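Worksheet: the structure to be examined is printed underneath.
Laboratory data are not the source of any read-out in this text; all were calculated from the coordinates shown. Nothing here was measured: the structure is a model prediction, and the numbers come from that model. Reconstructed Cβ throughout: ideal geometry from the backbone, glycine too, with neighbour counts over all protein chains shown.
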Amino acid sequence: MKTKAEGSKRANGEGALTVMKDGRWRLYAWVPVSSGGTKRKAFYGLTKTKATKNYRAELAKGPVVDGKKQTLRQYLEEWLPKPRKFGEKLKPNAIEARKVNIERVCTVHVGSDLLGNILLNKVTDQHIGAIDASLIAKNRSPATRLQCFVTLKTAFNQAVRDKKLVVSPFAQIPPEERPKVSPTPKRIITKAEKVKLFALNDEWTNLWKLLLATGLREGEALGLMWANVDMEMGLLHVRKTIDEIPYKKEDHLGYRLGDPKSDSSKRTVMLQKEVLDVLTNIKQRQEAEAKRIGKAWSNSQGFVFTRLNGRPILCSHALKAFKRSLKSAGIWDGVRKSAGDAYIHHLRHTFGHDHLNNGTPIHQVSKMMGHSSVSFTIDVYGSVSPKIQEDAAKLSSKLLADASREAVALRLLESANA
């Protein structure tokens with residue numbers, strides 16, 4: 001079998017091209033490193049031309065950061081756009097979230113220096129503890145602390161796979177000593193609170209009603225377009241989500257439309273009369289407002305939820321409105337005491353909680369909410385749903401009773417035959 005590439009002459013330093021067992025071409029070549037000198041590195045491609053192009057593209061970027069001289073910040077910035085799985089593509093908002101968490105980690109003070117300036121291979125389990133202590137001192141929420149740990153752990157695992165680290169600093173921490181993060185309590189909107197919220201009957205009420213009736217994520221609802229609503233068939237198709245982005249002069253929209261969170265999030269939701277009435281009311285309001293302001297109306301993409309000028313509603317706008325609505329309805333204090341703060345996601349939690357406590361099968365709730373798996377739904381809602389626990393207890397009791405009755409019958413039969 002031919003293992004060495006033939007053909008065009010290669011430049012100095014490009015090394016040997018060989019064919020791997022999986023059919024890919026590998027080029028070993030010398031590349032400059034940031035600490036001075038050069039080091040040998042492998043480049044791969046489906047063809048020998050592609051392998052060579054990958055090598056030359058690397059050269060065009062400048063010196064490669066030496067793994068032994070690479071700081072934690074340098075590595076995390078290099079890792080930032082890399083997906084967790086091969087073939088996966090990170091959504092823009094996922095990259096933004098990583099950036100925020102990287103900044104939180106790298107700006108932690110360790111002695112007289114910042115953690116981000118420490119060499120990657122010098123990060124230890126003690127630094128993980130320092131990060132946790134710093135986040136707690138800054139009154140960061142449990143969810144924020146958890147996001148930082150997940151981001152850092154994923155990055156370190158990738159560093160191990162890339163052979164930049166022998167072992168992850170997280171692996172050096174015994175399970176019982178790892179930072180503990182308690183989940184934030186889930187705030188459920190009660191029936192009495194729904195009545196107060198709906199009684200406001202303002203321009204935001206229809207959004208709260210739709211979220212409570214469908215369990216959509218706020219980005220899915222705000223990214224909903226009339227083209228994805230079938231009023232005659234009573235179907236709502238979740239196909240897009242709206243992501244808020246920092247304001248830029250060259251991109252004054254302030255948002256981008258993206259795909260839902262996962263493949264299972266792309267779903268179809270059945271609508272009953274009450275929800276169709278809500279959508280009809282929204283449509284009528286939009287038509288009246290468009291007629292009132294004329295050319296100033298702007299909703300060419302056909303968003304279901306819009307501001308008074310037809311522009312889409314962003315998540316930050318909706319959150320501020322939700323807090324105002326809770327305060328106006330007189331239920332703001334209750335939200336703050338039980339869950340720390342008010343989030344629109346509480347409406348989605350209420351949807352899941354209400355269905356499970358009224359007997360909807362958990363696999364159906366999981367499908368309606370667009371969860372990636374039923375096990376995730378059980379993890380999130382199983383512990384907060386008395387109905388699930390009650391049904392499980394009743395089933396166990398029934399199975400025990402059935403077996404006990406059959407055992408008695410068997411003993412009587414054996415006695416009669418004796």
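Which one, Gly294, Ser265, Ala227, is farthest towards the positive end of the dipole of region 191-384 when Lys and Arg carry +1 and Asp and Glu -1 on their Cβ?
It is Gly294, whose Cα lies furthest towards the positive end.
Could you line up Thr377, Thr47, Thr268 from fewest to most neighbouring Cβ atoms inside 10 Å?
Numbers: Thr377 21, Thr47 12, Thr268 15.
Fewest to most other Cβ atoms nearby, the residues stand as Thr47, Thr268, Thr377.
For Cα pairs less than 8 Å apart in space and 6+ apart in sequence, what is the mean separation divided by the residue count of region 72-177, i.e. the relative contact order in percent? Intermediate values should be presented prior to the final figure.
Values: 80 pairs, mean separation 28.7, N = 106.
Relative CO of region 72-177 lands at 27 percent.
Looking at the P(r) of region 72-177, how many percent of alpha-carbon pairs lie beyond 15 Å?
Details: 3488 of 5565 pairs.
Everything past 15 Å amounts to 63 percent.
Any idea how far the Cα center of region 107-162 sits from the one of region 218-234, in Å?
Here the two parts' Cα centres lie 41 Å apart.
So, how do all the Cα-to-Cα distances of region 253-355 break down into 5 Å bins, in percent, from 0 on up?
Here the calculated profile for region 253-355 is 2, 9, 13, 17, 21, 19, 13, 5, 1, 0.
What FRET efficiency, computed as 1/(1 + (r/R0)^6) with R0 = 45 Å and r the Cβ-Cβ distance, is obtained for Glu203 and Lys82, rounded to the nearest 0.05?
On the way: r = 42 Å, r/R0 = 0.94.
So the FRET efficiency works out to roughly 0.60.
Give me the Kirkwood hydrodynamic radius of region 17-64, using the inverse of the mean 1/r over all pairs of distinct Cα atoms, in Å to one decimal. Can you show the working numbers first?
On the way: mean 1/r = 0.0912 Å⁻¹.
One decimal place: 11.0 Å for the Kirkwood radius.
Treat each spin label as a single point 7 Å out from the Cα along the C-beta direction, and report the Tyr44 to Lys69 distance in nm.
The two pseudo-label positions are separated by 2.8 nm.
May I ask you to derive the FRET efficiency for Met20 and Ser328 from their Cβ-Cβ distance with R0 = 45 Å, giving the value to the nearest 0.05?
Efficiency, rounded to the nearest 0.05: 0.10.
Which percent of Cα-Cα pairs in region 191-384 sits in each 5 Å bin, short to long?
Result, from short to long distances: 1, 7, 15, 19, 20, 18, 12, 5, 2, 1, 0 percent.
Place a +1 charge on the Cβ of each Lys and Arg in region 72-177 and a -1 charge on the Cβ of each Asp and Glu, then give the dipole magnitude about the Cα centre in debye, rounded to the nearest 20. Don't skip to the answer; put the middle values down first.
Values: 17 positive and 11 negative charges, 90 e Å.
Roughly 440 debye for region 72-177.
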